[in-house]
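Asker: Submitted below is the structure of interest, expressed as structure tokens.
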Amino acid sequence: MDFRFTDEQRLWSETLHTFMEREVGRAYIRQHDESREFPEEAYRKIADRGWLGLLVPEEHGGLEADPVMYAIFCEAIAKHSLDFAAAVMTSMFTATNIAHHGTAAQRERYLPGFLRGDVKFSVSITEPGAGSDAAGLRTSMVADGDDYVLNGNKVFCSGAHLPGTVITVLARSGPDRHGGLSLVLVPNDHPGVDVRKLNTAVRRSLGTTEIFLTDVRVPRGNLLGEAGDGWRFIGEHLEYERLGLAASYVGNARTALDDTVAYTTGRTQFGRPLSSFQVLKHRMAENACEVEAARLLVYSAAAKMARRERAVKEVSMAKVFAADVAFRTSFNGMQALGGYAQLPEYDMERYFREAKHAMVGGGTSEIQRSIIAKEMGL
Ligand SMILES: Cc1cc2nc3c(=O)[nH]c(=O)nc-3n(C[C@H](O)[C@H](O)[C@H](O)COP(=O)(O)OP(=O)(O)OC[C@H]3O[C@@H](n4cnc5c(N)ncnc54)[C@H](O)[C@@H]3O)c2cc1C
């Protein structure tokens, strides 16, 4: 077994890391975390390079990269921040619903604008009464003539407030718990849609929102697939979402560790660098093992998806493990930086906040463990 990247994969990774250093940079990311503004200039640079189309088939104008190349992308763009990675990835994995299941008219209407960077996508599954129990959602979708009419309250929909965003809403079109769910496209400026940005500790630049849908009337042509296909589509979507998230956790954990090594090597106390104290050295060594292990889980899951094999268990394993690793690495970084860890200019407090959210976003760590257990036949 060869654990190395191919030449093409290595070049892709190097290109992305150079891009993140030269064209984005950690100061830009920090500034957008503080201002809570969407990183539009960096997003446009990614669009201009065609990278938003990584998951879009070539026949629809995309690059049709395999899941390994996609994981390399997600790992690299999370170098400075999980929030930034989510700002880019959210539209990308949500676009797969349209690319894979949309009609020709839906693809023509939305994909060219998305690939140019003008149209963004967000996905709205969660409701105040339906978080981990996503299939318990109650937002209603009722057929009426040539339209569907939606009513309900969604919460934590990331990016739904951004200009030009089309929200992919999972709504209840029938009584069956899973078979009664449908996925429908709702532009965020549509009459009856009220989107409010929330003041969260994380996802500050992408932003997450609460949505109120009141008699929202959309044409039947906005439905993805058939009524009742929603749960199946979201399952596929979540595999890409969770793989991308897991890869991003690895990318950010690596930076948290690199920053900890750099800081403890440069700072002297008791006449010695902090990095010479065994307790700190061992924590960094332990985190280095864990980051590498998380990385292998991510690429093993991605490779399985690239072979078009079912990888639900492997993706959940990668996500739950990488989230814990990102949290432990940034937690140890917080301790190693002492009081300076509290200052935004050291970035560690951002890594720490965002790593905590990694245990919740895209399905909590408890739910990932339940999925793994179910796949184990338990
Ligand atoms: C910043 C942010 C961005 C988000 N972005 C999006 C988005 O873009 N789109 C979207 O649809 N959602 C989004 N979410 C929602 C996210 O997916 C949910 O928060 C998450 O699924 C958990 O739901 P909940 O918050 O309602 O917690 P709950 O489901 O109430 O869970 C609370 C706790 O109980 C545990 N728990 C619940 N059920 C079980 C069980 N059966 N077994 C063991 N433990 C259990 C959970 O693991 C958790 O620890 C976002 C959330 C945040 C905070």
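The values are calculated or read from the model by the stated rules, or taken from the named source; none is laboratory data. Here the structure is a predicted model, which means the values were calculated and not measured. Note: ideal-geometry Cβ built from the backbone for every residue, glycine included; neighbour counts use all protein chains shown.
Asker: Going by what's in this entry, would S132 be described as at pLDDT 95 or above, of a type in the set (S, T, Y) and surrounded by 23 or more Cβ atoms within 10 Å (Cβ to Cβ)?
Answerer: It is false that S132 is at pLDDT 95 or above, of a type in the set (S, T, Y) and surrounded by 23 or more Cβ atoms within 10 Å (Cβ to Cβ).
Asker: A further question on this structure: Quick one: D133 ticks every box in (1) within 12 Å of the ligand (Cβ to nearest atom); (2) among the charged types (D, E, K, R); (3) touching a strand residue (DSSP E or B) at 6+ places or on another chain (Cβ under 6 Å) bar one, so which box is it?
Answerer: Condition (3) is where D133 drops out.
Quick grid of which residues meet (1) in a loop (DSSP other than H, G, I, E, B); (2) within 16 Å of the ligand (Cβ to nearest atom):
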site: K313; (1), (2): no, no
site: F331; (1), (2): no, no
site: M334; (1), (2): no, no
site: R353; (1), (2): no, yes
site: H357; (1), (2): no, yes
site: I367; (1), (2): no, yes
site: S370; (1), (2): no, yes
site: K374; (1), (2): no, yes
site: G377; (1), (2): yes, no
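Asker: Based on what the data block shows, is F121 within 15 Å of the ligand (Cβ to nearest atom), buried (at least 20 other Cβ atoms within 10 Å of the Cβ) and either in contact (Cβ under 8 Å) with a residue 40 or more places away in the chain or of a type in the set (A, V, I, L, M) (or both)?
Answerer: So F121 fits the description; yes.
Asker: Could you tell me how many of the residues in the stretch 322-348 are within 19 Å of the chain's Cα centre (by Cα) and crowded, with 22+ Cβ neighbours inside 10 Å?
Answerer: So the answer is 6.
Asker: Look at D229 and say whether it is modelled with pLDDT of 95 or more, closer than 27 Å to K319 by Cα, surrounded by fewer than 22 Cβ atoms within 10 Å (Cβ to Cβ) and touching a Ser or Thr at 6+ places or on another chain (Cβ under 9 Å).
Answerer: yes
Asker: So which of G192, G113 ends up being surrounded by fewer than 19 Cβ atoms within 10 Å (Cβ to Cβ), within 17 Å of S91 (Cα to Cα) and more than 10 Å from the ligand (Cβ to nearest atom)?
Answerer: G113
Asker: Can you find, within the stretch 195-206, the residue that is farthest from the ligand (Cβ to nearest atom) among those that are crowded, with 17+ Cβ neighbours inside 10 Å and touching a residue at least 40 places away in the same chain (Cβ under 8 Å)?
Answerer: S205
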